[in-house]
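Bear in mind that the values in this text are calculations on the coordinates, not laboratory data. Source: prediction; values computed, not measured. Using ideal geometry, Cβ is built from the backbone for each residue, glycine included, and neighbour counts are taken over all protein chains shown.
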Amino acid sequence: MTENNKYWRGIEDQSNPELAEKLAQNEFSNEISQADFLGKDELAEGETSRRDFLKFMGFSTAAATLAACEAPIVESIPYVVKPDSLTPGVPNYYASVSYDGFDFASVLVKTREGRPIKIEPNNDAPFNGATNARVQASVLSLYDGARMQSPMVDGVAASWGDAMAAARALKTENSVLVSGSVISPALKKAISKLGLRHVSVDAVSQSARADVYENLTGRRGLPTVSLDKATTVVAVGADLLGDWGGENLMGAYAAARKPGEGMLRHIQVEAGLSLSGSNADARIKAKVSEYETVLAHIYNKVAAATGADKIAAPAVREEIASSVNNAAMELIQAGSGALLLNGLNSATAEKLAAKTNELLASEAFNTTTLEYTSTGSDSAFNALLADVKAGAVDTIITLDSNVLYFSAELAALADKVNLVSIADRADETASKAKVALPLSHYLEAWADAIPVDGVYAVGQPTISPLFDSKSAVEIVNGLAGGSESAIELIKASASTTGNAKAWNALLHDGFASTPVLVANYNVAPSVDLSDIKVGTAVEGIEFYTYTKAGMGAGSNANNPWVYELPDPISRLSWDNYLVMSAADAVALGVENYAQSNGAMNGNTVNITVNGETLENVAVWIQPGQTQGSVGLAVGFGRESVGKVGNGVGVNANALLATTATYASAEIIATEVEHGFASVQLAHTMMGRKIVNEISLPTFLHGNAAEWNETPTFETHKGPLSAFEANLWDDHDHETSHMWNMSIDLNSCTGCGACVVACSLENNVPVVGKDEVRRHRDMHWLRIDRYYSSEMTEAVAEEEGIGAIEKYAKMEVPSESPSVVFQPVMCQHCNHAPCETVCPVGATVHSREGLNHMAYNRCIGTRYCANNCPYKVRRFNWFNYKGNEKFADVNPSQDDYGRMVLNPDVTVRARGVIEKCSLCIQRIQLGKLEAKKDGRILTDGEFTTACAQACGSGAIVFGDVNNPSSEVSHLKQEARAYHLLEEVGTQPSIFYQTKVRNRA
Amino acid sequence: MHYESPVRNPLILGDKSYSDITNDIAKPVESKAPRAWWIAFSIAFIMFLWGVGCILYTIGTGIGVWGLNKTVDWAWDITNFVWWVGIGHAGTLISAVLLLFRQKWRMAINRSAEAMTIFSVIQAGLFPLIHMGRIWMAYWVMPIPNQYGSLWVNFNSPLLWDVFAISTYLTVSTVFWYVGLIPDFAMIRDRAINPVQKHIYKLLSFGWGGKAKHWQRFEEVSLVLAGLATPLVLSVHTIVSFDFATSVIPGWHTTIFPPYFVAGAIFSGFAMVQTLLLIVRKIFKMEDYINIEHIEMMNIVIMVTGSIVGVAYITELFIAWYSGVEYEQYAFLNRATGPYFWAYWAMMTCNVFSPQFMWFKKLRTNLIFTFVISIVVNIGMWFERFVIIVTSIHRDYLPSSWSMFSPTFVDIGIYIGTIGFFFVLFLLYARTFPVIAQAELKTILKSSGENFKKHHDEHGAH
């Protein structure tokens, strides 16, 4: 039976077996006429006609031509064996630490395909888990082609073996190791193994302050503060939001100053306008040389109130005496909530502050838990100078310390010694060294740190060294004759610090708690004021140095981001300059004036301090500057740092002895004109409600409808708000997400971390001084700074001043201004003026409340930028990634710098508009991750680069359609308002009213 | 009973016969170019080349070679654009509107006025193109079906309306102008001796035969095109003004803009016609055709439109105050007293005060004075656009973004280049085209009647 079974291969086989058979044999039914086409002698008889030939010929030519049109393939080599931890397109994060002698931060390093591309804060870290602008920018310093590419002996590239041998040969008993503050236990161990005299000196010295605590506690460090326990803080010259100590206080400050009962009151006494002074509730203008007398005066008031002994001190200048008195009274009233901070590098000043806190039993001032990021010793350095002068030193080995740059005294003596320099580049010190040993960037190196009592942190490499460099600990250990690798040294160190975490857990977290190995460390010492001598103020003009939010002490001096970031106060980039009060400027006859294209120019001066003269220093007339006091930022005026930083500004260290803080100066105006790169030409709000600012009593007792009035329009339906008086069809805001951002103007300190973070995240081009000067900075996010003016609407009304005069006077900032900061990025208007005017629809609205920008569709009419009330749209005036003008500054033009670019974000072409996207790449990634996992997005799962970088938590991003999200709560706050709400743009960004703790 | 209006003076002076007109108008085409023409042409051509160089530099390097910045994203580019479009308006007004109103005096000037329209619209059209960051993508403003799916132009954008308005305007004006030229080309063709020249004019005249049917069609087409062109006089500058009026920027967002821009356009256009014709009539000795009455008529138009513009300026100020909007108030205060006050007062002086002199007959019939005022008016109208564009955006809502603008040599070079280009075209036109619509002009020549009257006066009625 089975034989009779018949199976068909298909219906065709059954119905027409012959045809199926024929087809099966001839599977490729169309025969190719190849044989006819080629190789036959009788071409004429072939089936291929001349026509066919031409067709084939034409086709192949066209195909070859089209193939040639394809974009060239850049060498990209796939992994032969893919590392398990690495998936192309998926970032990895590693915990690490960043310490450059000035800034310490616990960070998370974002790497993509093995390249570190972004620094994020390590929010879990107990100490300095936040990042500031400098730490944010530091990732670009890794990709700096100006770094030393191999060891150098006498200026010639050498192998590590030869260089180390040469360095060891120069090392004698009379050699000295000079470094900045050392916080790494492993490095300390290696240094002690080296057995040389070790001089630690900081570019920005806090030495005299550290001396006080060393004498008191036996530990060389600086006090920490707990702002949450303070109710009134008086900071004398202490820029607690800037360079005061190594502790990052942004978050604590913002938290303590949350509007409400018990909001921290902040009084700042200072010479130049700092970030802290700008944020303070009250500001007293005092010269740097008056700080001691101010502190003494406050101390005496407190002493009188608490029954302690007064000290002898010169009287405080009459103009500020009553304000200082009031500050002292407020401290006394605050009792244990009082906090007096000193920022002057003077033992007298520090003792007075510490004693005052002690008398008031301040709970916020902590002299038991010390931090160690600034422990350099000026006296040790002065001793070294004397010994070098005396010829008692053979060799100086510098360890990550550009000492010949910041110490003019040592630079003058450099010929007397042999120099061995362990440095990341041939800087002002290493370029003069006989042996220069390249130091790895912190992202390439193993490191550990005890930045503060009780915290141990480790840093791990996130990339193999780009150049032939090594970590500090490995080099020093090598010089000492050791041969251990860096990881072995760090592991060994970690095991001795007594931290409880296993090695892998330690690496994962980046930090661990560690016992303090000092007996009785938790007993607060008592300050002795018996031999105190309070100095007198400088007659005439004093000169002091300060640090800028971008440059800091100058370790990132070849990093274009720190130059491009405008100074938060002066709003000038790519420069340092003498800040001077208007009264002094008038006396000297110097001015700042705008050019016809909006660029700022100014006069220059020659300044002489202790016989040293700096010529043609630009003068910036700074509202809020104390009369008789001029300041100059350090870190600039580099000669040998790289093509970005060389020749930018002047070296302030040339004027002051390394260990001095201020000195009396002589200033003569010159004929030379200086061009500034100013990003902000008008400095006042012109009576407009841009930054809504109220006082604390108003906030506590006032009516929100009055102090945060919603603009209304008179219509036939009665007064309507801008959201109700609406000509347009609304977008659907209910379905799906609705991304909103809250910016708390009360928390924002203006530090600029968000600006740098945004630039890094979004590949924002750097355009250099000349273009910034022409107001063509490309920042997607800017921090507007406004000064108050003496002229207000109320004053004009009271005095009957006409509109013309009123507005003219409103343009002039007050001499003692109140300062506000306002981060402004694309407001993502839901009725966006830019969207309607684009002729090609290159900027369109998303249903998630975002305003999109399609670079590929943009033809560059710039109509959108004109029609933007917030002026946040940026045009690519040039081909920034190709034009020679930007070759020195724009990272995307550098083979190394290009590696920092975020692969998730397009580098924009010439001729298109760009702007803030609210980090659309992060939103998309977050949504996709949630989708992959099949879950609903949770609040805070991802955030924008600016919000993440913001140390004070001023920026909160999220979905307002998620009723439990933080941003949806913030939107209901009484303080919330939209910028220029009356224009009817319905922004997705909203601001929180600033509250000052004053009547 | 024969009645003759005593007030109407003859529009053509000099006792011309039909052949005189033909000879006079064909003369510049048939004779060799005078030295003055060559000098003028050389200067214009050099300016043109300089402009071409600057445009190529811009396209090669980026818009950054101009003086613009993050706050002032338009300045000379759009100022020049609006200025040139405005100048173009007089041509259409004269040829279309005055045709419909049967204003015969237009016949002597409409040809050149229209030529001026077309040439200035060409200049105007250049700016929206070259001001684009990516000019190579300029075709994206056209609603062309594409492979990007549903990607379409944004019909909400006034800039897109501009594209349609300007291209329609240029097309209609060119066709209208060309239709008018056909009988005149035929006239030159018929007279030409050089065979090449004859052949060219033969092609240009589309086989015009002067038959009654031809004339009938000619008249009909002219009337239809005049009807089409008339709304354009109002629409083009209305739409140009929408670029500003529909925005949210104080000083731009102004509902008065459409009529104000149209009046301003006619104002500046007539001034430009005045400038050009005063030169043309002198050089080509056409005083008999473009006589003092024409000049006076145009001066009256300038005076009226100048006054309308003046009222508009004052209305703007009033509304800014009346609106109670602080941004609006500041914008106008800043115009008059801010850093660009000189531009504002230059505008006021040139556009509002200077045309008021035309109330005096002695002044409006004075050629030198007219010439000076015509130039002054165009300077003023340039400043008007500069004031509207730059002084509004340089200080808008947020003081933090306030800035200033200063042109670079490229900005200036391109502007000079368009003036050069305009004169290159106009000078070429003046040498090769009949600059007066002679065929039309002959319809108002009262030779028989006048000759009879003259004969009658001399010899008495017998």
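Net length available on complete extension from A:W160 to A:A361 is 66.8 nm, with 0.36 nm assigned per residue and the Cα-Cα distance removed. If you look at the Cα atoms of chain A, you get an Rg and a Dmax of 32.8, 127 Å. Taking every alpha-carbon pair under 8 Å whose residues sit at least 6 apart, region B:1-125 reaches a relative contact order of 21 percent. Other residues whose C-beta falls under 11 angstrom from the C-beta of B:A331 contribute a net charge of -2, scoring Lys and Arg +1 and Asp and Glu -1. Take every Cα pair under 8 Å whose residues are at least 6 apart in sequence, average their separation, divide by the length of region A:542-678, and the relative contact order is 37 percent. Placing unit charges on the Cβ atoms only, positive for Lys and Arg and negative for Asp and Glu, gives the protein assembly as shown a dipole magnitude near 4040 debye about its Cα centre. Around the amide H of A:N128, modelled in the peptide plane, lie the amide H atoms of A:N248, all under 5 Å away and 5 or more residues distant in sequence or on another chain. Enter the angle in degrees (range 0 to 90, nearest 10) between the Cα long axis of helix A:347-359 and the first principal axis of the Cα atoms of chain A, meaning the one along which they spread out most. Computed tilt is about 90 degrees. Extension gain for A:E12-A:E793 works out to 271.8 nm (0.36 nm per residue, less the C-alpha to C-alpha distance).
Rounded, prolate or oblate: which fits region B:171-223, taking a ≥ b ≥ c as square roots of the Cα gyration tensor eigenvalues, rounded meaning a/c under 1.5, else prolate when a/b beats b/c? Here region B:171-223 falls in the oblate category. Mean residue ellipticity at 222 nm, helices only, chain A: -7500 deg cm²/dmol; runs of at least 4 DSSP H residues each add -39,500 (n - 2.57), and the sum is divided by the number of residues. Take the Cβ atoms of B:K104 and B:T171, set R0 to 25 Å, and the FRET efficiency comes out at 0.40. A Förster radius of 22 Å, combined with the Cβ-Cβ distance separating B:L428 from B:K285, puts the computed FRET efficiency at roughly 0.65. Computed on region A:222-369, with alpha-carbon pairs under 8 angstrom and 6+ residues apart, the relative contact order is 33 percent. Shape class for region A:222-369: rounded, because the ratio a/c of the largest to smallest gyration tensor axis (alpha-carbon atoms, square roots of eigenvalues) is under 1.5. Taken along its three principal axes, the alpha carbon spread of region B:9-91 comes to 63, 32, 15 Å, from the longest extent down to the shortest. Each DSSP beta bridge with both residues in region A:542-678 is either parallel or antiparallel, and the antiparallel ones are about 70%. Toward the positive end of the charge dipole of region B:284-438, with +1 on the Cβ of Lys and Arg and -1 on the Cβ of Asp and Glu, the farthest Cα among B:A343, B:M286, B:A312 is that of B:M286.
With the simple spin-label model, which puts each label point 7 Å out from Cα in the Cβ direction, the B:E293 to B:V179 separation comes to 2.7 nm. Run the quick spin-label model on A:A383 and A:A594: label points 7 Å from Cα toward the beta carbon, then report their separation in nm to one decimal. Reported label-point gap for A:A383 and A:A594 is 5.7 nm. Lys/Arg Cβ at +1, Asp/Glu Cβ at -1, dipole of the protein assembly as shown taken about the Cα centre: which of A:N876, B:N146, A:M686 is farthest positive-ward? The listed residue farthest towards the positive side: B:N146.
Comparing A:I11, A:I487, A:N357 along the charge dipole axis of chain A, the residue lying farthest to the positive side is A:N357, per the Cβ-charge model.
Each Lys and Arg adds +1 at its Cβ and each Asp and Glu adds -1 at its Cβ; summed about the Cα centre, region A:658-720 shows a dipole of about 360 debye. Only helical runs count toward this figure. For chain B, summing -39,500 (n - 2.57) over DSSP H runs of n ≥ 4 and dividing by all residues gives -22000 deg cm²/dmol at 222 nm. Spin-label pair B:L317-A:D939: with each label point 7 Å from Cα along the Cα-Cβ axis, the two points sit 5.4 nm from one another.
Exposure proxy for B:I290, B:I122: other Cβ atoms within 10 Å of each Cβ, ordered fewest to most, give B:I122, B:I290. Rounded to the nearest 10 degrees, the angle from helix B:326-337 to the longest Cα principal axis of chain B is 60 degrees.
Distance between Cα centroids, region A:698-755 to region A:895-959: provide it in whole Å. Taking the Cα centre of each part, region A:698-755 and region A:895-959 sit 24 Å apart. For the pair region A:336-385 and region A:840-869, the centres of their Cα atoms are 53 angstrom apart. Taking every DSSP beta bridge that has both ends in region A:222-369, the antiparallel portion is near 10%.
Rounded to the nearest 5, the antiparallel percentage of DSSP beta bridges internal to chain A is 60%. May I ask which of A:K915/A:K994; A:K434/A:K470; A:K351/A:K533 have a Cα-Cα span longer than 20 Å here? In this structure, A:K915/A:K994 lie more than 20 Å apart at Cα.
Loop exposure criterion: chymotrypsin sites (Phe, Trp or Tyr not before Pro), DSSP state outside H, G, I, E and B, at most 12 other Cβ atoms within 10 Å. Applied to chain B, the longest stretch between such sites is B:156-359.
Relative to the longest principal axis of the Cα atoms of chain B, the long axis of helix B:18-30 makes an angle of roughly 50 degrees.
Panel order for A:C758, A:C868, A:C838, by other beta carbons found within 10 Å of each beta carbon, from fewest to most: A:C758, A:C838, A:C868. Each part gets one Cα centre, and for region A:161-214 versus region A:494-542 those centres are 19 Å apart. With +1 on each Lys and Arg Cβ and -1 on each Asp and Glu Cβ, and nothing else charged, work out how big the dipole of region A:222-369 is about its Cα centre, in Debye to the nearest 20. Magnitude of the dipole: close to 140 debye.
Calculate, in nm to one decimal, what B:T365 and B:V304 gain on full extension: separation in residues at 0.36 nm each, minus their alpha carbon distance.
Value of the extension gain: 20.4 nm.
A Förster distance of 35 Å, applied to the separation of the beta-carbon atoms of A:S49 and B:N146, puts the FRET efficiency at 0.40. Each residue of region A:315-328 is assigned a 3J(HN,Hα), and the resulting list reads 6, 6, 3, 4, 4, 10, 4, 5, 5, 5, 4, 4, 4, 4 Hz, derived from the Karplus form 6.51 cos²θ - 1.76 cosθ + 1.60 (θ = phi - 60°), x at Gly and Pro.
List the lysines whose Cα sits under 25 Å from the Cα of B:K202, skipping any in the same chain fewer than 8 residues away. Qualifying lysines at Cα under 25 Å: B:K27, B:K32, B:K211, B:K213, B:K442. Ordering A:E247, A:E673, A:E474, A:E539 from the fewest to the most neighbouring beta carbons within 10 Å gives A:E539, A:E673, A:E247, A:E474.
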